[in-house]
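The structure appears below as structure tokens.
The values are calculated or read from the model by the stated rules, or taken from the named source; none is laboratory data. Just so it is clear, the model here is predicted, and its values are computed rather than measured. Quick reminder, even Gly has a Cβ in these numbers, built from the backbone with ideal geometry, and neighbours come from all protein chains shown.
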Amino acid sequence: MLMKKDWEKKKKIKNSNYPGWSAALITIIMFAVIFAAMIVNVFMFQSKDRSVVYTNSYNHDRMDIIKTRISRGTIYAADGSVLAKSVEDDEGNEIREYPYGEVFAHPVGFCQKGVMGIERDMQPYLMSTGISISEQLDNAMNDKKNPGNNVYTTLNPKLQEAAFKGLGDKTGAIIVTEAKTGKILAMASTPCFDPNEIESKWDEISKDEDNSPLLNRASQGLYPPGSTFKILTAAEFIREYPKDWRNYTFSCSGKFTFGDESVSCFHGSVHGDVDLSTSFAKSCNSSFANIGTELNRKKFAQMLADMKFNEKLPVEFESSISRIYWDVDMKDKDMLQISIGQSRTMMSPLHLNMITQAVANDGEMLCPYLTERVENANGQIIADYKTTSLGNVLDKNEADVMHELMREVVVSGTGDDLNNRSYTVSGKTGSAEISDSSTLSHAWFTGYAPAEDPEIVITVIIEKGGSGGAVAAPIAGEVLDVYFEGGSEE
Ligand SMILES: [Zn+2]
């Protein structure tokens, strides 16, 4: 092997203070904390007034007044389909209607019994009017409410429906973004709830801690990344050995032992002689554990920081911070586990999608966003949102090699369910083991298509779904089929 140990003493990524805890326990605690925080939030809004909600721009009393004067604006999909609108009930009271029911529940949210999603993030626009003063005067004379501004999202109903259907009765999340802009085309999470029933079934929905239906698992869920983390380990290896990585060889006996610690390849596989590409395509844990123990910890820490671990993602909606435990004094056995995505590392599907998008986009990471523009009731633009670069997290050479490695996963590796379709896919599977060996792994797939000129990036997690290649990749395929072929009609 061509590397030597070069452990440096400076730590860039802080110790997250949970050494020794199992990933499963951390998952449960994270979810419990997020869930509790959400409920507290929602109840704080409720305690003042059942229907009045809070944003940074409005206090409760002002909202009461505003609601008598403004009819909350409409939320649209990118194609103009209505996702949320204000209608009158039989008594003439304004109520909110969500034509797609559960399908858009997490990204669009709701505005009764508290406020979530786009309903919350865009509330200052939805609950103010951009029409002219003379129109407002006319409305006042005729005792009419002013129309709130309308929000046009980046969401694509066909892809959102495909994602929601793909998840079915499983627990998990799918996020689909546009490779060259960062627009979020679909964001689905299950178990779900129907925002039309938020008022009538509130107790049932808000107290269901087993399923946490209010949790948007796509952006707030945190999971061990499993083998999808090998994207980062491979990228760091290429960064440290830009000329020599092609000479890497390893002989996999199904198990890699380092001191008194060992890791095994998934389901007892023995991969034999592998190079970097084969190690990645077949997801050889032994080979990646070997690579991990030899990487420069200071440099790897810097890459992980650049990739936005241990910091709040700069998105304008609720998201959880991906955590990685890092300490230069950690034992080698921790590096074995970290480099194959086990250990204590926890990531959100949104964050993994951003990293995948950066590969797809030749190294430049873009900020994911949900709102395209805001218009007043006459169709004049009040605000519009553009692509924001988060910088080049990989250089061109690194991204080129990652394209090659991720393509091979689909052509000859664990993602081959997505091979031989009418479009080309590159990606990485993951089967993140949970410490309780009686339960199935979390199944991951993250990737992009077409391989040669990426248009969309998709990340799928199925909790306790089993293997990423067998469970998550086919679901990604269902969504990609709809994007590239319009999907199969039933
Ligand atoms: Zn192996």
Q: List every residue pair whose Cβ atoms sit under 8 Å apart, with the two residues 6 or more apart in sequence or on different chains, where the first one lies in region 263-278 and is under 17 Å from M402 (Cβ atoms) and β-branched (V, I, T) and the second, anywhere, is within 7 Å of the ligand (Cβ to nearest atom) and part of a strand (DSSP E or B).
A: none
**Q.** Residue check for D362: touching a helix residue (DSSP H, G or I) at 6+ places or on another chain (Cβ under 7 Å), at pLDDT 95 or above and acidic (D, E)
**A.** yes
Q: State all residues of region 248-305 that are away from the ligand (no atom under 12 Å from the Cβ), charged (D, E, K, R), farther than 23 Å from G427 by Cα and not in a helix (DSSP H, G or I); if no residue qualifies, say none.
A: D260, E261
Q | Only one of F193, F229 that is modelled with pLDDT of 95 or more and either under 21 Å from S467 (Cβ atoms) or part of a helix (DSSP H, G or I) (or both) | A | F229
Q. Regarding R407, is this residue more than 22 Å from K180 (Cα to Cα), among the basic types (K, R) and either surrounded by fewer than 15 Cβ atoms within 10 Å (Cβ to Cβ) or at pLDDT 95 or above (or both)?
A. no
Q. List the pairs whose first member sits in region 106-121 and is more than 24 Å from G172 (Cβ to Cβ), whose second member is of a type in the set (K, R) and surrounded by fewer than 24 Cβ atoms within 10 Å (Cβ to Cβ), and whose Cβ atoms are under 6 Å apart, counting only residues at least 6 apart or on separate chains?
A. C111/R96
Q) Does A383 satisfy the condition of being of a type in the set (A, V, I, L, M, F, W, C), part of a helix (DSSP H, G or I) and at pLDDT 95 or above? A) no
Q) Hey, any hits in region 431-441 for a residue that's of a type outside the set (D, E, K, R), buried (at least 24 other Cβ atoms within 10 Å of the Cβ), at pLDDT 95 or above and touching a strand residue (DSSP E or B) at 6+ places or on another chain (Cβ under 7 Å)? A) no
Q. If only one of I291, I231 is buried (at least 24 other Cβ atoms within 10 Å of the Cβ) and more than 26 Å from the chain's Cα centre (by Cα), which one is it?
A. I291
Q.
Criterion first (in contact (Cβ under 8 Å) with a residue 12 or more places away in the chain, within 21 Å of T190 (Cα to Cα) and crowded, with 16+ Cβ neighbours inside 10 Å) does T414 satisfy it?
A. no
Q) Picking from F43, F35, F31, F110, which residue would you name as being at pLDDT 90 or above and of a type in the set (F, W, Y)? A) F110
Q. In region 221-263, how many are of a type in the set (D, E) and in contact with a Phe, Trp or Tyr (Cβ under 9 Å, 6 or more places away or on another chain)?
A. 2
Q.
Restricting to region 96-110, name every residue that is touching a strand residue (DSSP E or B) at 6+ places or on another chain (Cβ under 6 Å) and of a type in the set (A, V, I, L, M, F, W, C).
A. F104, V108
Q.
Cβ-Cβ under 6 Å, sequence separation 6+ or interchain: first residue in region 376-399 and closer than 17 Å to V359 by Cα and without any contact (Cβ under 8 Å) to a residue 60 or more places away in the chain, partner among the β-branched types (V, I, T) and surrounded by 12 or more Cβ atoms within 10 Å (Cβ to Cβ). Which pairs?
A. A399/V359
Q) (1) assigned to a loop (DSSP other than H, G, I, E, B); (2) more than 14 Å from the ligand (Cβ to nearest atom); (3) β-branched (V, I, T): which one isn't true of I238, the others all being true? A) (1)
(Q) I'm trying to understand the selection: among the residues of region 451-490, which are assigned to a loop (DSSP other than H, G, I, E, B), within 12 Å of G172 (Cβ to Cβ) and touching a residue at least 40 places away in the same chain (Cβ under 8 Å)? (A) E463, K464, G465
Q) Of the residues that sit in region 327-342 and are assigned to a loop (DSSP other than H, G, I, E, B) and buried (at least 16 other Cβ atoms within 10 Å of the Cβ), which one is modelled with the lowest pLDDT? A) M330
Q: With respect to S212, determine if the residue is touching a residue at least 60 places away in the same chain (Cβ under 8 Å), more than 16 Å from the ligand (Cβ to nearest atom), over 19 Å from T414 (Cα atoms) and of a type outside the set (D, E).
A: yes
